[in-house]
Amino acid sequence: MLIRSLLAVSCWLLAVGSQAADRVQYHPPVDYKITLAGNFGEPRPNHFHGGLDVKTDNVEGKHIYSIGDGYVSRLTVGISGFGNAVYVTHPEGYTSIYCHLKKFSPRLERMVHRTGKGDEQIDLRFTPLDFPVSQGQLIALSGNTGHSTGPHLHLEIHDTRTWDMMDPLEFLSPYVNDSVAPQAHSVMACPQAGEGVFNGSDNKQTFAFSSQRIEKELTAWGKVGFALWADDYMQGVYNHYGIRETILQVDGKEVFRSNVHRIPVYSNRQVNSWGDYQHWLHHKTWYMRSYIPKGVTLPILQADENDGYVLFNEERPYRVTYILRDFMGNESQYEFTVLGKKSEISPSKRTSYNVRYDRLSMISLPGMQLVIPAGMVEEGLMVVPKVGQGSVSNRYTFAQQACPLFGWAELSLAIPEGVDSSLLYIDSGGHDMGGVCQDGWITTRIRELGATYELKLKNNKE
């Protein structure tokens, strides 16, 4: 095994900065039949599910093996919600991550105890010669550490060079049995304000699929987007999963396609704009949009020249078809007909935006400045700060309900006269956001406009 490991390291050294042209096949991380509690790309608030959740019979202590030759490049404890995690870098250009572990292999465990010294957070990096591993080598025992709701293995695979999240089924599909097609539950019609109506209304409306077809009479005029609530399934388990591929056709022509196979980490929070985030907040179901709002740049989404919106501009029937596929190619189709019916479209009541997707925005009040870079929102937002009285400074919030940004904005609060700046930090609902003091201001990064922010003294932390 040692000779094989050294060969793997040699291959990796030759492959640094490149990636194998052909798709590789790895071996399973467990020594029993793989069943899944979650799949790659499932929509979650503020992020996609970045890997596979492999069941461990709801117990800890299952053997976890490296899926391929390579070397242990990183070992973490208490970082990113992963609990105990092992990173293995492979010569083919990928890195696998094994999360929520109970214990590491004895050699790695000794390294943690020798280096970590009981720290709650540990982050160790290694060279290719430190801990070479072979495919099928034991690296850990499964557990329930970190942000885990029950014992399981969370397995991620990343492109080592770009750190894009990859679907592990691309590498492990021969070890997963799935003959069950995805199922659609309901479709949402989303007429665009001032540009379209659906069933005579400019409000969003949902229609359930009781079979493969909606028979209800539907009418539309103008510009309408659609969104779908659907899940994938596998035989023998009760879990439901995200949809790998969704295709929307109108009269046989494709207008939208999503293919959840590779997701850049920097795009993670755009899940809130592919899915209808506000609907999720109130109903806890994800309607994934089959159109692409301005500012959304997810590379897994493709649309026609109308960005996936359907233009009902002729008085005739329009045949709308959804095609759903999982990774294994299991497919289902759902249809409904919409009658183009000329209707009056009321002018949009939308106010102008002061935060746009395509430019930097700055919002200022006495004692507060918020800078939001371009690319942080879809289309635009109207942000109206709400100000209240805090103990050290005013309290500020920028949205009436949760409003996550795609990335980071910069918030600065003025330091009150006579207050020792070294004792100040920016607080958000009891969470220390830190802050850097300069020129009479304390500045930190934020990415949620619906939270409340204020200055507090460090010795007054509750």
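The numbers here are math on the coordinates, done by the rules we state, and not lab data. Computed from a predicted model, the values in this text were never measured in an experiment. Quick reminder, even Gly has a Cβ in these numbers, built from the backbone with ideal geometry, and neighbours come from all protein chains shown.
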### Summary
Filtering trypsin sites (Lys or Arg not before Pro) in region 328-368 by DSSP loop and by at most 12 other Cβ atoms within 10 Å leaves LYS342, LYS349, ARG350, ARG359
#### Entry: GluC sites (Glu not before Pro) within region 95-158, DSSP loop, no more than 15 other Cβ atoms inside 10 Å
GLU120
### Packing rank of 89-101, 400-412, where each peptide gets the mean count of other beta carbons within 10 Å, highest leading
89-101, 400-412
### Query
Straight-line reach from LYS342: which lysines have Cα under 20 Å away, leaving out those fewer than 8 places along the same chain?
LYS204, LYS216, LYS223
### Task
May I ask for the net charge around VAL419, where only other residues with Cβ less than 12 Å from the Cβ of VAL419 are counted and Lys, Arg are +1 while Asp, Glu are -1?
0
### For region 357-376 versus region 213-240, the gap between their alpha-carbon centres in whole angstrom
37 Å
## Note on the structure
Of all chymotrypsin sites (Phe, Trp or Tyr not before Pro) in region 18-81, the ones in DSSP coil with at most 16 other Cβ atoms within 10 Å are TYR32
### Message
If I stretch the segment between TYR238 and GLU215 completely, what's the gain in nm (0.36 nm per residue apart, minus their alpha carbon distance), one decimal?
### Response
5.4 nm
#### Entry: Dipole-positive endmost among HIS261, ILE300, THR160 within the chain (Cβ charges, Cα centre)
THR160
### Task
Evaluate 2.2 N^0.38 Å with N set to the residue count of region 2-175, then give the Cα radius of gyration divided by it.
0.97
### Task
Could you bin all the Cα-Cα distances of the chain into 20 Å bins starting at 0 and give me the percent of pairs in each, rounded to whole numbers?
21, 46, 30, 2
### Fewest-first ranking of ASP420, ASP159, using other Cβ atoms within 10 Å as the exposure measure
ASP420, ASP159
